[in-house]
Amino acid sequence: MTTFVDRVELHVAAGNGGHGCASVHREKFKPLGGPDGGNGGHGGDVILTVDQSVTTLLDYHHSPHRKATNGKPGEGGHRSGKDGEDLVLTVPDGTVVLDRAGRVLADLVGHGTSYVAAQGGRGGLGNAALASARRKAPGFALLGEPGDVQDIVLELKTVADVALVGYPSAGKSSLISVLSAAKPKIADYPFTTLVPNLGVVTAGSVVYTIADVPGLIPGASQGKGLGLEFLRHVERCSVLVHVLDTATLESDRDPVSDLDVIEEELRQYGGLDSRPRIVVLNKVDVPDGKDLAEMVRPDLEARGYRVFEVSAVAHIGLKELSYAVAELVAKARAARPKEEATRIVIRPKAVDDAGFTVTREDDGLFRVRGEKPERWVRQTDFNNDEAVGYLADRLNRLGVEEELMKAGAHAGDGVAIGPEENAVVFDWEPSIMAGAEMLGRRGEDHRLEAPRPAAQRRRDRQAERDETQHESDGFDWD
């Protein structure tokens, strides 16, 4: 079973917010104790955090469904519910977070870098928090909001300074094993390396990391072999080292054609043209390999490559190679822009930005979209008339009714708040702001007792259809 996974699909769900509590203080000789319902707790977030000790996404491959805990509901006596605990998921350094469509959501590089993959739902307010001079004893509380549910893709791109690329069995694993303390699997058959191997090399005052990328073959950028899975690990490397086999037993291959094939695959993958290259002619300890290296070296140098003849087995030419690579790494690091502290950017909303839109659809339905109206609808208990009346007051204060009138809405027209797949639809009846004189007993709102024109019209039409059907089914007894 493989212990290295560099791409997984993760299903994350944040915790739901706890419901607010509708409660009235009850104590002997204090019949009017007032509302004392507490607020619900917030749901926990799902947070991705970089941990240097984590090197694979294997855990999420086996357990792709992760959920944070819900907030607790509020209680009487002004007791607020407990917040849900955040779910922190550790990921390797260099993890890229994408959505299902392939859009990059976050690029997590550096220990401790975090990203909130799913936001926990807000806790609902209790009736104590909803009390005001006009509504002294609310008989309702707000519901907690559901937490975000997201399907995301995690891709691991190895964070290294140097990438060793080349055909299978070109000697990349042997080279990294002698340049660093890495202990990769080494064998004389193709595709021995199934996962990228990382090693740390010290050359003078420069310390750099080197990655052994699994062997590439023609068509790797289109998914052949193992290339497409691991070409992404080359993206973060600042230096590319071509490892060419000068002692291959395949008659149709030679170092120059191998280099051309790998360069073409890198070009098709894209984004790697600016990386400096070094060419390593490996296995010169073999007599035929030494002769072939001397033969092709002038051609490669004529193309502008720095060429090194090495042998990982006999430890030939390794010191010169490591110092040359260190020189390129140092130049790449010096050319990078200096890291600056993260700047906090504040983007205030425009003064006249109401935060919602009203559009009229082809079927005559008016749809209201906006963060506040949709959140208020999610928080409303529609089994409580007073809560529904409170929602109407909030929408009116926000200016929704005014915008509906401007859009041409009339009493009885259908209005939907929210997206098409999850909207609350009702018959609109223009109203005035509710005062204390409009409220009855707790949990009731007299405005909702008035007949609804659209509903009455539907009942009248249904009665007419029933009467017509009855007459057509009747018998003439004369």
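The values are calculated or read from the model by the stated rules, or taken from the named source; none is laboratory data. Note that this is a predicted model, so its numbers are computed, not measured. Cβ atoms come from the backbone with ideal geometry, glycine included; neighbour counts cover every protein chain shown. Side chains included, ligands, DNA and RNA excluded: accessible areas come from the protein's heavy atoms. Shrake-Rupley method; radii C 1.70, N 1.55, O 1.52, S 1.80 Å.
Search the stretch 382-393 for residues that are under 16 Å from residue 144 (Cβ atoms) and in a helix (DSSP H, G or I) and pair each with any residue that is modelled with pLDDT of 90 or more and open to solvent by 40 Å² or more (accessible area, probe 1.4 Å) when their beta-carbon atoms are under 8 Å apart and the residues are at least 6 apart or on different chains.
Short answer, once both residue conditions are applied: 387/381.
Considering only residues that are modelled with pLDDT of 85 or more, assigned to a strand (DSSP E or B) and under 30 Å from residue 335 (Cα atoms), which ones fall in the stretch 131-162?
154, 155, 162
Does at least one position in the stretch 350-368 carry a residue that is within 21 Å of residue 147 (Cα to Cα) and surrounded by 16 or more Cβ atoms within 10 Å (Cβ to Cβ)?
no
Of all residues being open to solvent by less than 70 Å² (accessible area, probe 1.4 Å) and out of contact with any Gly (no Cβ under 7 Å at 6 or more places or on another chain) in the stretch 300-310, which is nearest to residue 179 (Cα to Cα)? Just the residue, please.
Across the stretch 300-310, the extreme among qualifying residues is 307.
Among the numbered criteria (1) at pLDDT 85 or above; (2) among the aliphatic types (A, V, I, L, M); (3) open to solvent by 40 Å² or more (accessible area, probe 1.4 Å); (4) assigned to a loop (DSSP other than H, G, I, E, B), which one does residue 284 miss?
(3)
Exactly one of these conditions fails for residue 408: (1) out of contact with any Phe, Trp or Tyr (no Cβ under 9 Å at 6 or more places or on another chain); (2) modelled with pLDDT of 55 or more. Give me its number.
(1)
Among the residues of the stretch 91-108, what is the count of those that are at positive phi and assigned to a strand (DSSP E or B)?
Qualifying residue count, the stretch 91-108: 0.
Identify the single condition in (1) open to solvent by 20 Å² or more (accessible area, probe 1.4 Å); (2) under 32 Å from the mean Cα position of the chain (by Cα); (3) closer than 14 Å to residue 358 by Cβ that residue 416 does not satisfy, given that it satisfies every other one.
If we test residue 416 against (1) open to solvent by 20 Å² or more (accessible area, probe 1.4 Å); (2) under 32 Å from the mean Cα position of the chain (by Cα); (3) closer than 14 Å to residue 358 by Cβ, just (1) comes out false.
Condition first: surrounded by fewer than 20 Cβ atoms within 10 Å (Cβ to Cβ), without any contact (Cβ under 8 Å) to a residue 24 or more places away in the chain and not charged (D, E, K, R). Can you find one or more residues in the stretch 58-68 that meet it?
yes
Among 386, 371, 339, which is at pLDDT 85 or above, surrounded by fewer than 20 Cβ atoms within 10 Å (Cβ to Cβ) and out of contact with any Pro (no Cβ under 6 Å at 6 or more places or on another chain)?
371
Run residue 91 past the list (1) surrounded by fewer than 19 Cβ atoms within 10 Å (Cβ to Cβ); (2) of a type in the set (A, V, I, L, M, F, W, C); (3) in contact (Cβ under 8 Å) with a residue 12 or more places away in the chain and report the number of the one that doesn't hold.
(1)
Please determine whether any residue of the stretch 301-323 is touching a Phe, Trp or Tyr at 6+ places or on another chain (Cβ under 8 Å), assigned to a strand (DSSP E or B), modelled with pLDDT of 90 or more and not β-branched (Val, Ile, Thr).
No, every residue in the stretch 301-323 fails to be touching a Phe, Trp or Tyr at 6+ places or on another chain (Cβ under 8 Å), assigned to a strand (DSSP E or B), modelled with pLDDT of 90 or more and not β-branched (Val, Ile, Thr).
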